[in-house]
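Working notes for the structure below.
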Amino acid sequence: SGKNWARILVGIAEQEIERKNPALDSLYKQSLLANKKDRTFFLKAKIEGLNCSELSNGYWLNVNYSIPRLMEQIRALCLHCGYNKSQVVIYGVPKGSSSAKSGNPAAPKTGGNGVAIEKAEAFLKTADLQGAKVQKLIDAVQPGAAVYPTKNALDASDNVIEMPNGRYVHVDAFVDLDEAEDDMRDILRTHFAQFGGYSNNKLLYGAASHDLSMFLNDNDCEDIDSVYALAQFFFSKKSDGEKFTFSYPHIFEHKPDYPLTLKGLMINFSRMNDGVLSADEAKDYLQKTMLTYGSLNQLLAISSSDTFLLYDSNRYLLTEKVGVTAEWKQTVHDKLDNLFRHANVAFIIPRDINQAWMNALPALPHGLGWTALLLQDVMRKFPDIGYRPVTSELGQAIDTIAAAIVPTNSAVQSFPDVVTLFMQEKHSLPKRMSCEELRVELRDAGMLEGNELIYALPKALDDYRFSWTDENKMVLVRGN
């Protein structure tokens, strides 16, 4: 079935992640298939509406494909990871066929002996700094030998360094390697002290270009990926070396208990401040660590994940520090229930809620008080609370306060519903008025702020209860 093929794809990806296969590094930046260049293989966030699997590296894998496409992905991933074509045999039979019923194996047996590590190292010594890829080594030393056992042996040897693009170089080819290891350790320790146990390829390369310029020049390692590869050899591969954690392009002093991603870094950064993340401080940290990203809201996956909660226009709260539990959500639900019962209304305008009521909600880190923005984000991300914010749904800024709050099971579901009820309470309908008159009335009631919807109100109220005329300058509010 499609689920089985998806599991195979995820399983192979997890296996190579665990083996720290450097061939995966490029898949954080590009697609696996040449005809799918618009999306990287490893996704920073789940694609809404598609089946995606979360991986141990903190990234996501899209598995929302047909069986033939999944088989194509599996084959491409295996070849990308260093297996040769003779080792990658994918075999399937249609459901209900005699082959399927007979219980034949899903794939024929493959394998073979690799090049002995002694022979491989001897050849690499002759290749000097140029080194060799696995297949070139096999062709030169033992034609027909299996790629994977050969690669495994090279990856296990303390005498071989894997450089960028799968090129293996013997340690004897390098000049002053031990001194470079000491200097690189000092660089990383400086970064770890400065950035909370963190460094990355750009930081390391920047410092190494200054402190190790002669070594890098003598050993033809004057590029960012070569420096990262050397660090990975020194502090991850060597059996007797000090161990750091590598996940391209990141380097961690200790194995983190958060995703090895930019979002994971923000989780750790906010933990250091008791769960409060300042947008300004986060941007400053990302700039100093030379990390690139789109927007902070995208990086934190604010719209698609409940890891962080919006507090105000410049701060976020780490959900794990807020302590969201079933009991916590029930408390919020009960407080909202009481609020609606006492007000005896179909909807409540968030800006009408006083701070005294907010202060009765569960305590927050740093003794912070609740905000309307936090309350609506909590309702969005934890729908089992039983209440939801109502907005115009026109793609407004994510920190825009909602027009109203309603019970989830209420007949009032949309912005036009809320405005219609409001106008019925304030006026005898139908009523004709200008677009700006209506907008100002909604703004004065607290549903809008400033110039919000100044040009978009007709689109937000594109509903049979609102008849727009005179190029949308006038409206007849009909009511229900």
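The values are calculated or read from the model by the stated rules, or taken from the named source; none is laboratory data. Please read all numbers here as calculations on a predicted model, not as lab measurements. Counting neighbours? That spans all protein chains shown, and the Cβs are built from the backbone with ideal geometry, glycine included.
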Exclusive hit being surrounded by 15 or more Cβ atoms within 10 Å (Cβ to Cβ), of a type outside the set (S, T, N, Q) and farther than 21 Å from I302 by Cβ, set G386, G367: G386
Tally, over the stretch 9-22, of residues that are surrounded by fewer than 18 Cβ atoms within 10 Å (Cβ to Cβ) and either in a helix (DSSP H, G or I) or in contact with a Leu (Cβ under 6 Å, 6 or more places away or on another chain) (or both): 7
Output for the stretch 129-156, where each listed residue is closer than 22 Å to D220 by Cβ and crowded, with 19+ Cβ neighbours inside 10 Å: G131, A132, V134, L137, L154
Single residue of the stretch 164-175 satisfying the filter (within 32 Å of the chain's Cα centre (by Cα) and in contact (Cβ under 8 Å) with a residue 40 or more places away in the chain) that is surrounded by the most Cβ atoms within 10 Å (Cβ to Cβ): Y168
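Give F252, F269 a once-over and let me know the one that is crowded, with 19+ Cβ neighbours inside 10 Å, without any contact (Cβ under 8 Å) to a residue 60 or more places away in the chain and either within 30 Å of S157 (Cα to Cα) or not hydroxyl-bearing (S, T, Y) (or both). Even if it seems obvious, please write down each step before you answer.
Details: F269 fails: without any contact (Cβ under 8 Å) to a residue 60 or more places away in the chain.
Matching residue, one of F252, F269: F252.
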Verdict on L448 being touching a strand residue (DSSP E or B) at 6+ places or on another chain (Cβ under 9 Å) and either part of a loop (DSSP other than H, G, I, E, B) or under 17 Å from W468 (Cβ atoms) (or both): no
Failed item, numbered, when A363 is tested on (1) within 19 Å of V322 (Cβ to Cβ); (2) part of a helix (DSSP H, G or I); (3) without any contact (Cβ under 8 Å) to a residue 12 or more places away in the chain; (4) not charged (D, E, K, R): (2)
Tabulated pairs, the stretch 445-466, first at negative phi, second assigned to a loop (DSSP other than H, G, I, E, B) and basic (K, R), C-beta under 8 angstrom, 6+ apart or interchain: Y464/R478; R465/R478; F466/R478
Qualifying residues in the stretch 53-73 (those that are of a type in the set (S, T, N, Q) and free of Cβ contacts under 8 Å to residues at least 60 places away in the same chain) - the one farthest from P249 (Cα to Cα): N64
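Run down S97, S86 and say which single residue is at pLDDT below 85, more than 30 Å from T40 (Cβ to Cβ) and surrounded by fewer than 13 Cβ atoms within 10 Å (Cβ to Cβ). Walk me through it before giving the result.
Numbers: S86 fails: more than 30 Å from T40 (Cβ to Cβ).
Testing whether each residue is at pLDDT below 85, more than 30 Å from T40 (Cβ to Cβ) and surrounded by fewer than 13 Cβ atoms within 10 Å (Cβ to Cβ) leaves just S97.
Search the stretch 422-435 for residues being part of a helix (DSSP H, G or I) and surrounded by 13 or more Cβ atoms within 10 Å (Cβ to Cβ), and hand back the single one that is farthest from the chain's Cα centre (by Cα). Working first, answer last.
Just the residues of the stretch 422-435 that are part of a helix (DSSP H, G or I), to begin with: 422-426, 435.
The next check asks that each one be surrounded by 13 or more Cβ atoms within 10 Å (Cβ to Cβ); those that pass are 422-424, 435.
Values: F422: 41, M423: 43, Q424: 45, C435: 42 Å.
Here the answer is Q424.
Given V419, V412, which one is assigned to a helix (DSSP H, G or I) and either surrounded by fewer than 20 Cβ atoms within 10 Å (Cβ to Cβ) or among the β-branched types (V, I, T) (or both)? Steps first, answer last, please.
Details: V412 fails: assigned to a helix (DSSP H, G or I).
Selected residue: V419, the only one of V419, V412 that is assigned to a helix (DSSP H, G or I) and either surrounded by fewer than 20 Cβ atoms within 10 Å (Cβ to Cβ) or among the β-branched types (V, I, T) (or both).
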Meets criteria (closer than 27 Å to T391 by Cα, touching a Leu at 6+ places or on another chain (Cβ under 7 Å) and either part of a helix (DSSP H, G or I) or aliphatic (A, V, I, L, M) (or both)) for L309: yes
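Residue by residue, here is whether (1) modelled with pLDDT of 95 or more; (2) farther than 30 Å from E118 by Cα holds:
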{"position": "G144", "(1), (2)": "no, no"}
{"position": "D186", "(1), (2)": "yes, yes"}
{"position": "G196", "(1), (2)": "no, yes"}
{"position": "Y228", "(1), (2)": "yes, no"}
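Do we have any residue at all in the stretch 199-221 that's part of a helix (DSSP H, G or I), of a type in the set (S, T, N, Q), in contact with a Leu (Cβ under 8 Å, 6 or more places away or on another chain) and farther than 30 Å from A173 by Cα?
Pass one, the stretch 199-221, residues part of a helix (DSSP H, G or I): 201-211, 213-218.
If we keep only those that are of a type in the set (S, T, N, Q) as well, we get 201, 209, 213, 217.
Next, only the ones that are in contact with a Leu (Cβ under 8 Å, 6 or more places away or on another chain) stay: 209.
With farther than 30 Å from A173 by Cα added as a condition, the list becomes none.
No.
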Residue check, V475 modelled with pLDDT of 95 or more, of a type outside the set (G, A, S), out of contact with any Asp or Glu (no Cβ under 7 Å at 6 or more places or on another chain) and within 29 Å of R341 (Cα to Cα): no
Subset of the stretch 220-234 [under 16 Å from H254 (Cα atoms) and under 26 Å from the mean Cα position of the chain (by Cα)]: A231, Q232
Residues of the stretch 117-145 satisfying the condition of being touching a residue at least 40 places away in the same chain (Cβ under 8 Å) and within 36 Å of the chain's Cα centre (by Cα): G131, V134, Q135
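Filter the stretch 282-309 down to residues that are charged (D, E, K, R) and free of Cβ contacts under 8 Å to residues at least 12 places away in the same chain, then give me how many there are. Full working, then the answer.
Taking the stretch 282-309 first, the residues charged (D, E, K, R) are 283-284, 288, 306.
Within this subset, residues satisfying the condition of being free of Cβ contacts under 8 Å to residues at least 12 places away in the same chain are 284.
Adding up the residues that qualify gives 1.
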Long-range neighbours under 8 Å by Cβ, at least six apart or interchain, first residue under 11 Å from L204 (Cα atoms) within the stretch 176-192, second surrounded by fewer than 16 Cβ atoms within 10 Å (Cβ to Cβ) and of a type in the set (S, T, Y): none
